[in-house]
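Data first, discussion second: the structure below is written as structure tokens.
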Amino acid sequence: MKDWLKITIGEFIDFNPLEKLQKNTIAKKIPMDKLGTFERKIKGFEFKEYKSGPKFKNKDTLLAKITPCLENGKTALVNILEDDEIAFGSSEFIVLRNNELSDYKFIYYLARSPYFREKAISCMEGTSGRKRVNEGALKNLSINVPPLAIQQKIAKILSDLDDKIEVLSQLNDNLAQLAKTIYDYWFVQFDFPDENGKPYKS
């Protein structure tokens, strides 16, 4: 770890980078409820007229800044947009983007880690139940980070694991749907197979 850097979070990550999206433009919006708990995948979007809110593009990380969403791990990596497409989201997101010191996937996994999350929670302000991260305070905190090449290796391992988890999750969903279909045929429509393996009613 002798090559690791000790720098501020604001030096390592660009917060809420500027993007152009004219007001009243119809664009994809990602609300808070489309972020899962400690899940990379965004569950969907809706088309809305842009009025305000943070703007982002593919490879950005969305981090919830309000309680209890931050504590519950609502963090996602944006990868559902077209090339060069700009979207917007909940005003309770912090958008995190990599720079020349950082890898975008590593930033996502860092933001999801207890190490980073505890730092963010320590910067929350406001009344109980409506606390939000003070972004200026968070950017000024120091962290230890590996060189870019090591970041990329770490991120690849974790990303490959997430890929496998998502495939298995989809397989489980498919099996659950198959079980539901069989149950419906057999116990709702009573179209179960007879002793010869043929449909009982058909």
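The values are calculated or read from the model by the stated rules, or taken from the named source; none is laboratory data. Quantities reported herein were computed from a predicted structural model and do not represent experimental measurements. Neighbour counts are summed over all protein chains in view; Cβ atoms, including those assigned to glycine, are modelled from backbone coordinates with ideal geometry.
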Checked against (1) of a type outside the set (Lys, Arg); (2) free of Cβ contacts under 8 Å to residues at least 12 places away in the same chain; (3) closer than 28 Å to Lys156 by Cα, Pro31 satisfies every condition except (2)
Segment 7-32, residues that are modelled with pLDDT of 95 or more, among the charged types (D, E, K, R) and out of contact with any Phe, Trp or Tyr (no Cβ under 8 Å at 6 or more places or on another chain):
Glu11, Asp14
Arg130: passes all of (1) surrounded by fewer than 11 Cβ atoms within 10 Å (Cβ to Cβ); (2) farther than 30 Å from Ile26 by Cα but (2)
Taking Glu85 as meeting all but one of (1) over 26 Å from Ser52 (Cβ atoms); (2) acidic (Asp, Glu); (3) touching a Lys or Arg at 6+ places or on another chain (Cβ under 8 Å), write down the number of the exception.
(1)
Does segment 54-70 hold any residues that are under 14 Å from the mean Cα position of the chain (by Cα), surrounded by fewer than 17 Cβ atoms within 10 Å (Cβ to Cβ) and at negative phi, and which are they?
Asn58
Test set (1) closer than 15 Å to Ile107 by Cα; (2) at pLDDT below 95 - Asp60 fails condition number
(2)
Pairs only if they're at least six apart or on different chains, beta carbon under 8 angstrom, first in segment 86-99 and within 22 Å of Glu125 (Cα to Cα) and buried (at least 19 other Cβ atoms within 10 Å of the Cβ), second modelled with pLDDT of 95 or more and among the polar types (S, T, N, Q); list them, first residue then second.
Ile94/Asn16; Val95/Asn16; Val95/Thr61; Leu96/Thr61
Does Ala64 satisfy being under 30 Å from Leu168 (Cα atoms) and aliphatic (A, V, I, L, M)?
yes
